Each structure stands twice: as C-alpha cells, then as structure tokens.
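The values are calculated or read from the model by the stated rules, or taken from the named source; none is laboratory data. Computed from a prediction, not measured in an experiment: that's the story for all the values here. FYI the Cβ positions are ideal-geometry reconstructions off the backbone, even for glycines, and counts take in every protein chain you see.
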Amino acid sequence: MMDWILPLALVAVGLTVLLSVLLWWSHRRFAQLERKCDALKLLQKAAQSTNDHLQREMAEIRTGALGVGRRVKELEQELELLSARQDEVKQNDPEARLYNRAMKMVELGADVEEIMRECELPRAEAQLLVTLHRRSQ
C-alpha cells in the first residue's frame, strides 16, 4: 500500500503546481483583459463625446443653412421684382426706347446718318453712340 502513496503524492504535488501555474497565468491574463477593457471603455467614451459634439455642430450647420437658403430665396424674389420694375421703367420711358433702338442699329452697323433719320437724334448724339460702340469693341 505504501508503494503507491509516493507516486500518488508526487502526482498530487505536480497537479497542485500545475493548477497554481494555471491559476497564476489565468489571473495575469484576466488582469490584461481587464486593462484592455478599461482602455476600450475610455476610447468609447471619447468617441461618444466626439460624436455628440459633431451632432451638435451638424445641427447648427443645418439650422444656418436653412436660414441662408431662406435669405437667398428672399433676395432672388427681390431681384426679380427689381428687374421687372426696371424693365417696366425702360418700356415706359420713350427716350430710353429711342436710345435702345439707336444702340441696336449701331450694333447692326448703321451709320450716323441712318441713326439720325430713324431715331430722330441730333448728329452729336448719334456720333457719340457710334464712337462709344467702336471703343467697346
């Protein structure tokens, strides 16, 4: 009976050492994983903070863009109204119509005599229109 006690004791000691090493290794590995988990939690918290900040900025940008869009639309409507009024003033001003017609004739190559005759303009004004047109080219 004593013959098997020594080998059994050696196996028990070996198993105890092996279990102690495994326990030490498991504890060490658990500590490493716990540190990694803490680091990931910090990263997640920083990412969440950055995400919240970016969402607030996007909301501000969206609000600003809507305001700018409304203002652009108002300005476009105002420009259209002013353009329509300007066209109306041009149409109702007989002198402007004469000068517009005279400028069209100059652009089409009419001479001073023809402009004077068709638009009933004085020679000096007809010559001025022709001279201005030549300089602009």
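Points worth noting:
Okay, residues lined up against (1) β-branched (Val, Ile, Thr); (2) at pLDDT below 95:
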{"site": "Arg28", "(1), (2)": "no, no"}
{"site": "Gly67", "(1), (2)": "no, yes"}
{"site": "Leu108", "(1), (2)": "no, yes"}
{"site": "Val112", "(1), (2)": "yes, yes"}
{"site": "Glu125", "(1), (2)": "no, yes"}
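- Scanning segment 103-121 for residues that are in a helix (DSSP H, G or I) and within 18 Å of Arg135 (Cβ to Cβ) gives Met103, Lys104, Met105, Val106, Glu107, Val112, Ile115.
- Filter result for Leu129 (in a helix (DSSP H, G or I) and modelled with pLDDT of 90 or more): no
- The lone exception for Arg56 - which of (1) at pLDDT 95 or above; (2) of a type in the set (Lys, Arg); (3) under 30 Å from Pro122 (Cα atoms) it fails: (3)
- Any pair with Cβ under 7 angstrom, 6 or more apart, that starts in segment 50-67 at a residue that is surrounded by fewer than 10 Cβ atoms within 10 Å (Cβ to Cβ) and ends at one that is aliphatic (A, V, I, L, M): none
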